[in-house]
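> Dropping a structure here in structure tokens format, bear with me for questions.
Readers should treat all values here as calculations from the given coordinates under stated rules, not as data from a laboratory. Remember, predicted model here, so these are calculated numbers, not experimental data. Neighbour counts are summed over all protein chains in view; Cβ atoms, including those assigned to glycine, are modelled from backbone coordinates with ideal geometry.
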Amino acid sequence: MSIKVDVKLDCKGLSCPMPIVKTKKAMNDVNEGQILEVQATDKGSIADLKAWSESVGHQYIGTKEKDGVLLHYIRKSGDDNELEKKFENTITNEDVIDRATNNGGIILDVREDAEYVFGHIQGSKSIPIGELENRIDELDKDKEIYVICRTGTRSDLAAQKLAEKGFTKVYNVLPGIGSWKGNLFKKI
């Protein structure tokens, strides 16, 4: 699965602290929720960019190496945790696997592709929230759909969209992948 990114930053050949300095500056031009790919060759950038991202509130998604270049993925965070959740039907992280297995339901992951490939629930279906309207035909209205994202905010919005389109068995999974205690699978 290729990772869709919104902005790429070339930091190849630079050593600490330049990858962080350039990333911090580039992040000013990245919109909330977008994915920044930082290309670096400095092995220290793995720990540095992860620590920096978390310290300023951005989501460090992960790193993969390709031909000696480290590709770091960072999602610019906003106030995901601050937004009010409005969708009434919810299910907890702890209950979703049993419920989906027993009821033949679908776990719908509405995070971005880059987030999904670095860790997702086995058997879940990935449809980023921005693609949901165009891909809604891929979902079965007769099955229970458990919508999950990182914090419950995007999944709340996706659950509302599905309900507006006539889906009646929709649940928002709370608190989301960010608090997931079970195994997560990678597709990189």
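> Pull up the cross-link candidates among the lysines for LYS24, meaning alpha carbon to alpha carbon under 19 Å and not fewer than 8 places away within one chain.
Cross-link targets: LYS8, LYS12, LYS43, LYS50, LYS76.
> Taking a cut-off of 20 Å between Cα atoms, list the lysines near LYS169, but don't count ones fewer than 8 places away on the same chain.
LYS85, LYS86, LYS125, LYS141, LYS143, LYS161
> If you don't mind, another one. From the square roots a ≥ b ≥ c of the eigenvalues of the alpha-carbon gyration tensor of segment 23-82, which class results: rounded (a/c under 1.5), prolate (a/b over b/c), or oblate?
Here segment 23-82 falls in the prolate category.
> Treat every Asp and Glu Cβ in the chain as -1 and every Lys and Arg Cβ as +1, leave all other atoms uncharged, and give the resulting dipole magnitude about the Cα centre to the nearest 20 debye.
In total the dipole reaches around 460 debye.
> Let me know the Rg and Dmax you get for segment 105-188 when you use only its Cα atoms, in Å.
11.7, 35
> Within the chain, which is the longest segment that contains none of the GluC sites (Glu not before Pro) sitting in a DSSP loop with at most 16 other Cβ atoms within 10 Å?
Segment 89-188 is the longest.
> Applying 1/(1 + (r/R0)^6) with R0 = 25 Å to the Cβ-Cβ distance of SER77 and GLU138, what FRET efficiency is obtained, to the nearest 0.05?
0.35
> Oh, and also: Rank GLN39, GLN122, GLN59 by mean-square fluctuation in a GNM of the chain with C-alpha springs under 10 angstrom and give only the top-ranked residue.
In the Gaussian network model the winner is GLN122.
> Which value in nm describes the separation of the simple spin-label points at LYS66 and ALA51, placed 7 Å from the Cα toward the beta carbon?
2.8
> Okay, next question. Taking segment 18-124, which trypsin sites (Lys or Arg not before Pro) meet the DSSP loop condition and have no more than 12 other C-beta atoms within 10 Å?
LYS43, LYS86
> Using the alpha-carbon centroid of each, what span in Å lies between segment 51-70 and segment 110-188?
Comparing the Cα centres of segment 51-70 and segment 110-188, I get a distance of 23 Å.
> While we're looking at this one, here's another question. Report Rg/Rh for segment 9-112, rounded to two decimals, where Rg is the Cα radius of gyration and Rh the Kirkwood radius.
With Rg and the Kirkwood Rh in hand, the quotient comes to 1.11.
> Extension gain LYS165-LYS186, at 0.36 nm per residue separation less the Cα-Cα distance, in nm?
Length gained, LYS165 through LYS186: 4.5 nm.
> Obtain the nm distance between the two label points defined at LYS25 and ILE97 by a simple spin-label model: each point lies 7 Å from its Cα along the Cα-to-C-beta direction.
4.6
> For ASP109, which sequence-distant residues (separation of 5 or more, or a different chain) have an amide H within less than 5 Å of its own amide H, given hydrogens modelled in the peptide plane?
Under 5 Å from the amide H of ASP109 lie the amide H atoms of LYS125, SER126, ILE127, ILE148, each far enough along the sequence or on another chain.
> At 10 °C and a viscosity of 1.306 mPa s, what translational diffusion coefficient does Stokes-Einstein give for the chain, taking Rh as the Kirkwood radius over Cα pairs? Give it in µm²/s as a whole number.
Answer from the Stokes-Einstein relation: 92 µm²/s.
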